[in-house]
Amino acid sequence: MDRSIKRVTGARMERSSLSVPNWTIAGLLAAVLPLSFVAAGTSVLPGDVATTNALQTHLPGMFEPLIAAANLLGEAPFLLAIVFVIAASLAFKRHHRAALLVAAASLAQGINWLLKLSMESPRPTSGLVHVSEQSSGFGFPSGHVMGTTVFALVLFYVVTTLMADGLRRRLVQTGLLLVPLLMGVARVEAGAHWPSDVLGAWLWGTLAAIAIITVSQWQWNSLSLPAPRAARSVRSAVAMSNIRRISN
């Protein structure tokens, strides 16, 4: 039974597609472009200092281990290692399209670098908020948050496609969506980023994930590749069933 489920879900991945309404993309752009415009430069956005101080003051101490784990997870080498381990595991199970898609999530690091260079937005300073992590480079949008947002959304799409519907899939999906949220809290609590840096990272990360999934679909569909083994197995099973039905 498990083997049959894997074959069917593999075939579903090969013919799956993501359809995002145009109004959703327009809404994301309408939110992130003005935010990026006002975040560019050396000024601190209104509300950033007050929000950071409130979070750092009132965040319960029980969350400190989660905050530390989130900050470690968002480090580029660690996150990239996780991405490629999962991609290799999917490739080993012959989910080739899913493996390539997860690997493509690593492009978020390059996209974030380009955005930061174009914005040149400052990070928090100890004169305004408590800074427990000294980070170099520009702030907007947060690299930790954007990287985990892209990875979590791409993996959310893969999990939705490959896993059978049920409690386990919903738990995994919920966990994936919580990771970028926790990462945003962690970066603000550490004084490494302003809340506006985190919000921008969520928005840009969502757009980047949609773009990566959409482009990967175009590229995959344009290749003249033989049908994956999972898809061939499903078609063969259907053909044999039809033959038996006719012969009876």
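The values are calculated or read from the model by the stated rules, or taken from the named source; none is laboratory data. Note that the coordinates shown come from a computational prediction; the quantities given were computed from them, not determined experimentally. When we count neighbours, we look across all protein chains shown, and the Cβ atoms used for this are built from the backbone with ideal geometry, even at glycine.
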So L59 clears everything in (1) at pLDDT 80 or above; (2) among the hydrophobic types (A, V, I, L, M, F, W, C); (3) within 24 Å of the chain's Cα centre (by Cα) except one condition, right? Which one?
-> (3)
Can you tell me which residues in segment 19-37 are part of a helix (DSSP H, G or I) and out of contact with any helix residue (DSSP H, G or I) (no Cβ under 8 Å at 6 or more places or on another chain)?
-> N22, W23, T24, A26, G27, A30, L33, P34, F37
Just to be sure, is R168 within 21 Å of the chain's Cα centre (by Cα) and more than 23 Å from L80 (Cα to Cα)?
-> yes
Name every residue in segment 166-181 that is out of contact with any Gly (no Cβ under 9 Å at 6 or more places or on another chain) and either surrounded by 21 or more Cβ atoms within 10 Å (Cβ to Cβ) or among the charged types (D, E, K, R) (or both), in order of residue number.
-> R168, R169, R170
Hey, L73 farther than 15 Å from L155 by Cβ and not acidic (D, E) or not | no
